[in-house]
1. Give, rounded to the nearest 20 debye, the magnitude of the charge dipole that chain B has about its Cα centre when Lys and Arg contribute +1 at Cβ and Asp and Glu contribute -1 at Cβ.
2. Out of the range B:88-154, which trypsin sites (Lys or Arg not before Pro) are coil in DSSP terms and have no more than 14 other C-beta atoms within 10 Å?
3. Report in % the part of the accessible area of the protein assembly as shown that belongs to carbon and sulfur, leaving out ligands and nucleic acids; probe 1.4 Å.
4. Taking the label point 7 Å from Cα in the Cβ direction, how far apart in nm is residue B:168 from each other copy of itself, listed shortest first?
5. Note the buried accessible area between A and B here, summed over both chains, with a 1.4 Å probe, in Å² to the nearest 100.
6. Give me the aspartates and glutamates in straight-line cross-link reach of residue B:2: C-alpha distance below 12 Å, same-chain residues under 8 apart excluded.
7. How large is the helix-only mean residue ellipticity at 222 nm for the protein assembly as shown, computed as the sum of -39500 (n - 2.57) over DSSP H runs with n ≥ 4, divided by its residue count, in deg cm²/dmol to the nearest 500?
8. How about the range A:170-192: which of its residues lose at least 50 Å² of accessible area in the presence of all protein chains relative to their chain isolated, using a 1.4 Å probe?
2 protein chains.
Amino acid sequence: MKCTVCRGPAVIDVRRHNAAFCPDHFIVHCRDQVRRAITEHDMLSPDDRVLVAVSGGKDSLALWDLLAALDVPADGLHLRLGIGDYSTESTRAARAYASARGWTLHEVDLDADWGFTIPDAAAATHRVPCSACGLSKRHLCNQYAVEHGYDVVATGHNLDDEAAVLLGNVLRWETGYLGRQQPVLPAAPGFARKVKPLVRLGERELAAYCVIRRIDYQVEECPLASGNRHLAYKEVLNGLEHRSPGTKAAFVHGFFARGQTRFTGEDTATPLQPCATCGAPTPGEVCAFCRLRARVAERQ
Amino acid sequence: MKCTVCRGPAVIDVRRHNAAFCPDHFIVHCRDQVRRAITEHDMLSPDDRVLVAVSGGKDSLALWDLLAALDVPADGLHLRLGIGDYSTESTRAARAYASARGWTLHEVDLDADWGFTIPDAAAATHRVPCSACGLSKRHLCNQYAVEHGYDVVATGHNLDDEAAVLLGNVLRWETGYLGRQQPVLPAAPGFARKVKPLVRLGERELAAYCVIRRIDYQVEECPLASGNRHLAYKEVLNGLEHRSPGTKAAFVHGFFARGQTRFTGEDTATPLQPCATCGAPTPGEVCAFCRLRARVAERQ
């Protein structure tokens, strides 16, 4: 296997691009894909203050690394979720990456700052932990950005993540979620802009990126996510991708190009108002995060 | 396993309905589902002259049988496709079913009437046979209906077929195909109405229906279809259905209820005109079927 660019020995093939790369040209490929995503979807302006959501996994550390390589300075925000050893190791990886480079990593500790952990929330809601976890992460990242003057929150959602979420949304025709599944969610009063610069890179490419760049990341999957629906969708999509390379990219980018706008503008009917508890914009009286907190407190 | 209706011994479970049925109540279930599809989507009016596309497989024979049970008289149209023993046996099953009941079965013989078989067409186009086959079937069924005064063509597309086609269409965001994937395609000048009364019944239910009703059908899959994309999609959907019963029905019926209309009205931009060769309405000068015939003739 030879590098498509320089004909030197290749270390990875990218079948959907019908290409293979040596380590150096693979890094160039990753940067190109992120640059293209940013440009194509108008994700960033030169003066933006950018906050990267840093879990300590491969995607978030690769994202922070790639943004720096593209001259997009960004601070990190790490949420400590309280998921036992998994969270401890995630925090260690996030801190080690930031401190080795002298970059700013903010932290929010769900337990110390808000009085509960993700396992607490799952127990209180009797629902899959991923639901309380996603909700908490979205709320706290946005809150941190808004309160500290960041214009943009960049997250490490990759092509595989987006494809799995999209498959779940179309299988149930969740028109509200389809309307909000965008590579860029524009800023609004009380909301920073949300961008996903990794939407053109797959999971496998991001793992390879970290290995080649010698980025030490949390390699374990979250123990609470095992068996969740999105993992099943990822498996299905991997099977289809194997059979027909480019399936995931065509699915996700075809949706952004030709599907997504057909589902927008439906939830503007409900005007937002400040949450009675925390002030965050919400369609109800109390926002979903504060309702979650209240349920956990009740149980405790 | 007991029948959900009468508590007698059940012979089949229908997990997405959380139900099981004895033979008699299973037949009632199938009739109810077809009646509901017809009503819900306004498929038929009392005075309609109905033509059923009868391949000789389980879906088309079950459809003809179910329509008769619901007091919808219909004639059959069988296309002889020239796919070796597979077609011979399909024709035998279709004729046997019709003659045992004294029902009218029209026939069109692709080779004798139009000078080519599906294998000929596949060889001439260098594409998967399913593409030439689908095109020929759509064209000839519609032509027969229009020329012989039938208002409606009813086809045996079942829930699994619709789910597989829909998955293929969303994976590539084929917006034109999504706009036309409807349980009812209204009549238009040169086009009979097309209806799919089996969209609420799965493949497994239709096979069971034929067994219980002692309908002798062509059990072989078409040998030319093996390895085609839709079979892979069906496998994927079977896996998801197994994990979460009701997935296929939610996917297909959610699309009809909340997705489909978002994709309609895009191909009205191209006005239709009569095909220069056969007179069928087409957006080009010569319709796709006549172009296919010309290509096969060229090669011969």
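The values are calculated or read from the model by the stated rules, or taken from the named source; none is laboratory data. Here the structure is a predicted model, which means the values were calculated and not measured. All Cβ positions, glycine included, derive from the backbone under ideal geometry; neighbour counts span all protein chains shown. Accessible surface areas use protein heavy atoms only, side chains included; no ligands, DNA or RNA. Shrake-Rupley method; radii C 1.70, N 1.55, O 1.52, S 1.80 Å.
1. Dipole magnitude for chain B comes out near 740 debye.
2. Taking the range B:88-154 and a limit of 14 other Cβ atoms within 10 Å, the loop trypsin sites (Lys or Arg not before Pro) found are B:127.
3. 51
4. 2.8
5. Buried surface at the A/B interface: approximately 2100 Å².
6. Those aspartates and glutamates meeting the cut-off are B:13.
7. That comes out to -15000 deg cm²/dmol.
8. By number: A:171, A:173.
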